[in-house]
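A.B. asks: Let me give you the structure first, and then I'll get to my questions.
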Amino acid sequence: MIALHIEGMHCGSCAARVDKALRTAAGVTSAAVNLTTGMAQIEGSPDLASLVQSVENAGYHARILENLSAKTIKDIEEKGEKASGIAWHRLWFGILAGIPVLLIDLAMPRLMNFHSDQGLIAFSVAQLVLTTAILIYTGSPFFAGAARMIRRGAADMDTLVALGSGTAYLYSTIMVAIALFQFSIQHSAFSMPHLEFHAAVAIVVLVTLGKYLEARAKKRAASAVANLAHQTSPTATRIKSDGTTETIPAEQIQIGDHLQILAHQQLPVDGTLLEGAGSLDLSIVTGESLPVELNTPPIKPAMLSPECALPNNPDSGLRTQDSGLHVLPGGSTLADGRIVIRATSTAATSTVARILELVNAAQSSKTGIQKLADRVAGIFVPIVLALGLLNFALWMITGHNGGGWQTALLTTIATIVIACPCAMGLATPTAVTVALGRAARMGILFTKASALESGRKIGAVVFDKTGTLTTGTLEVIAIISLADPPRRQLELLEIAASIEQFSDHPLAKGIVRHAHDNGLSLRHPVNFNSVPGGGVRALFEDGSEFAAGSAAFLTSLGLSVDNTDGDSRVFLAEIGNQQPKSVIGKFVLRDTLRPDAPETLARLKAMGLKVGVISGDSDVAVRGVLKNLPIDFIQAGVKPEGKAAAVEQLKLEMANWKDLPGAYEGKIKKVTERGVAFLGDGVNDAPALAAADLGIAMATGTDLAKSAGDVLLTSNRLMAVPSTLELSRRTLRIIRQNLFWAFAYNVAAIPLAMLNILSPGIAAAAMMFSSLTVVLNALRLYRVKI
């Protein structure tokens, strides 16, 4: 995917023109332009130089972004700050120079009563000089933009502003010239005509004010992503081979570099912990409020395999992480302590860079309703110009006494100015930008804007079980002695963990973890053998030999095992020559339900949604973990390739579901559009995620690149699911409100301008407030919380 930063876009017609220019460029398969962020995402294999030239030919400036790293976002923001500073200076010049112009216009009727003709001429010339200066300095961006469009036979918002203010200025200048001519040849016949310099000034200054305030508001709309970019450290402390340190720019970090992180510093890139300890704040990346406690324990023989993660301390309020086995995401902050990490990414490929890429790609993509709005905004400027010409012609034909060409000209100026499609062009992309940025701060990443629209239509949410509703971590819930005489539980646990410690099987990890939780020291076998999918056997120095595994595995060793369905079971047998072969113990393990699963399912039911589970586990195992939860249906024993078919079948059933009343925020509603959302782990559930109307993937920082969902939950919190759907509903509601007010404004204001009820100055003010209205309405999405 190719990213572009586009400069010079002001309205929906601008974005539509750039979008068309990109789509028609050779080698481009798809393109998406976001007016609010000024970013464009292009897919295909175009020539980069010709791609930029296509945008230039359309009248705008484009810059190829090598990557969407934090530094790139910061550079764009800094450039925007400089442009904002220049706009601020232009605005203040226009205000200070425009005040005398407006005061003279307001006082002109009184001035005519007691001022000499020379004085009136002087005031008119002063208005001319000040207005000229304002149009040259404050209004130059509009006239330059209009000139570019005219050279290409096109029109945009700049064209309308330049045309409206320029016409008022040209009319007033001609009137001053005529008055000067009359005064120079016959003083007695001199009469001071009414001038419209104030209209030219009001149009330029008020539109500039509106664009400045709009830019500040749009900056806030994108602030979630900008803040994320600012959380990454621009420099890093690299440890050289001789043990000394050096400070380098983050862009120079290479994979494999050893980096030192001190308290209150951000990780510049992703990395694995090599040494040190401390608390890591991941909130900027995952939205998780609790820090992770990092520690590098002394290496013991029993710690040689991944199953030996440190036990959690329930009293600390922290989650413990075995550093050598997990990737620490760049952008996270070391709250205290000191650590050394080994870089596993560069600044351009870190977790933060990936999040920025996903959010920007989503913000540049479009919902169905936005595509419609863009098409309308794209043709609106020519319609406005046509209305202006029609208005002028009608006033010229019908104007009498109070009408005539002066009224025709002024009403035409007001019509052109007030009909600028700024509000219409901002209505949808601003809401989408705010929603996606807010979601990113909540640990919710939309991979495309259309997912926002899909989320509103969901009638059923289906969960995978393992790793989704559950943690995917098996815990020992029972240890049963089958020996005669019975053996102690801790003795059985010590034996089983000692022979399972080198196995990567999830059941083995659960047993070893349980042994560490109980403070047991593990023995080391002199001989170890693992049978994939079956079990393990090990011989110890004292000559004792044991086996642990499934009932089928022990049966293959000549043992008789009584097994029943249900929770996962591991059998332990003594098989050495010193004792007859016998099964001496049984371990019952169960997947752990996520703490927020009951609350999440209850919230979804309260939103009027159907809730189900599709799992590959046995029916008894699934129902054992999920008992007493508000679930409408369970499909168990479904293979990964069968989950997609199950989702498709459910979509058909939902389409024929006539009534689904549900309580939502105290109101009884019926779901009229019933899509299916599927929540999985993003890898094994990829077919089901793709088949669903909305695929939601649980993802960690390192899973971002391979997750297949429309939505990625980097926080790994289930309560983010109802928050995602709530955000979708509110975003679509805001978009509809914005579009309604934008269209209503134009429909109501254009006739008023054509009927000479609104002056050009008032029209400019109304246009400014309409744009601010839709932007500020979109900012209400910041209130959505997880």
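The values are calculated or read from the model by the stated rules, or taken from the named source; none is laboratory data. Here the structure is a predicted model, which is why all the values come from computation and not from measurement. No Cβ is skipped: glycine too gets one built from the backbone with ideal geometry, and neighbour counts run over all protein chains shown. Just so you know, the surface numbers come from the protein's heavy atoms only, side chains and all, with ligands and any DNA or RNA stripped out. Shrake-Rupley method; radii C 1.70, N 1.55, O 1.52, S 1.80 Å.
A.B. asks: Can you give the convex hull volume per residue for the Cα atoms of region 513-617, as a whole number of Å³?
C.D. replies: Values: hull volume 14.1 nm³, N = 105.
In region 513-617, the Cα hull volume divided by residue count equals 134 Å³.
A.B. asks: Suppose R0 equals 51 Å. What FRET efficiency, 1/(1 + (r/R0)^6) with r the Cβ-Cβ distance, do L755 and R342 give to the nearest 0.05? Before the final figure, lay out the partial values.
C.D. replies: Values: r = 73 Å, r/R0 = 1.42.
Between L755 and R342 the formula returns 0.10.
A.B. asks: Something else now. Cα-Cα over 31 Å: which of K509/K610; K457/K509; K509/K605; K457/K643? Provide the component values of the computation, followed by the final result.
C.D. replies: Working: K509/K610 35 Å; K457/K509 41 Å; K509/K605 35 Å; K457/K643 21 Å.
With Cα atoms farther than 31 Å apart: K509/K610; K457/K509; K509/K605.
A.B. asks: Where the convex hull is taken over the Cα atoms of region 400-553, what is its projected area averaged over directions, in nm²?
C.D. replies: Values: hull surface 73.4 nm².
The directionally averaged projection comes out at 18.4 nm².
A.B. asks: Just need log10 I(q)/I(0) for region 569-635 at q = 0.18, 0.19, 0.22 Å⁻¹, Debye formula, equal scatterers on the alpha-carbon atoms, no solvent, rounded to two decimals.
C.D. replies: -0.75, -0.80, -0.96
A.B. asks: Could I ask something else about it? Remind me, what semi-axes does region 467-567 give for its equivalent ellipsoid, largest first in whole Å, using sqrt of 5 times each Cα gyration tensor eigenvalue? Each step should come with its number before you reach the end.
C.D. replies: Working: eigenvalues 82, 60, 47 Å².
Taking √(5λ) for each eigenvalue gives 20, 17, 15 Å, largest first.
A.B. asks: Measuring from label point to label point, each 7 Å out along Cα→Cβ, what is the L490 to S582 span in nm?
C.D. replies: The modelled label-to-label distance comes out at 2.3 nm.
A.B. asks: Pull out the extension gain between Q254 and D504, defined as 0.36 nm times the separation in residues minus the alpha carbon to alpha carbon distance; nm, one decimal.
C.D. replies: Values: separation 250, 0.36 × 250 = 90.00 nm, distance 3.05 nm.
Extra length from Q254 to D504 when fully extended: 86.9 nm.
A.B. asks: Here's something else I'd like to know. How do the peptides 244-250, 332-338 rank, highest first, by the average count of neighbouring beta carbon atoms within 10 Å per residue?
C.D. replies: Values: 244-250: 12.9, 332-338: 18.0.
Ranking the peptides 244-250, 332-338 by packing returns 332-338, 244-250.
A.B. asks: Now for a different question. At 1.4 Å probe size, put L91, L474 in order of accessible surface, largest to smallest.
C.D. replies: Numbers: L91 5, L474 30 Å².
Ranked list, largest accessible area first: L474, L91.
A.B. asks: Summing +1 for each Lys or Arg and -1 for each Asp or Glu, what net charge is found among the other residues whose Cβ lies under 13 Å from the Cβ of R342? Present the calculation step by step, with values, prior to reporting the outcome.
C.D. replies: On the way: positive: R238; negative: D257, D270, E275.
Charge balance near R342 sits at -2.
A.B. asks: May I pose another question? Between T29 and M396, what is the spin-label point distance in nm, taking each point 7 Å from the Cα along the Cα→C-beta axis?
C.D. replies: 5.3 nm
A.B. asks: Could you give the length gained by full extension between A645 and V129, i.e. 0.36 nm per residue of separation minus their alpha carbon distance, to one decimal place?
C.D. replies: Numbers: separation 516, 0.36 × 516 = 185.76 nm, distance 7.43 nm.
Working it through step by step, the gained length comes to 178.3 nm.
A.B. asks: Describe numerically, in nm with one decimal, the distance between label points set 7 Å from Cα along Cα→Cβ at V531 and at Q118.
C.D. replies: Each label point is offset 7 Å from its Cα along the Cβ direction, giving 11.8 nm.
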